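Reviewing the structure listed below.
Readers should treat all values here as calculations from the given coordinates under stated rules, not as data from a laboratory. Just so it is clear, the model here is predicted, and its values are computed rather than measured. Neighbour counts run over all protein chains shown; Cβ positions are idealised from the backbone, glycine included.
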Amino acid sequence: EVVGGYWMIQVKSREEAIAWASRCPASENETIEIRQVMECSDFPSDVQEALADFEDMQTQPGQKS
């Protein structure tokens, strides 16, 4: 049986994320993945504008969400 879960942490570097992951309680045969999560502000302004247009389309009356 596998029971999965996740933690989200905010760090300044990959090295800091690895340091936190190394403190996680895990046995020798368990794997801990580190994945970067990007926020809208991490993207260029043209991508942010396109996302805003998409969000506007989702909230228009008569649209299914």
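Potential lengthening of the chain between Arg23 and Met8 amounts to 4.0 nm, from the contour at 0.36 nm per residue minus the alpha-carbon distance.
Compare the peptides 19-30, 40-51 by average per-residue count of other Cβ atoms within 10 angstrom and give them in order, highest first. Walk me through the numbers before you get to the answer.
Working: 19-30: 8.6, 40-51: 10.2.
The packing order, highest mean first, is 40-51, 19-30.
Between Glu30 and Phe54, the simple spin-label model (points 7 angstrom out along Cα→Cβ) gives 3.4 nm.
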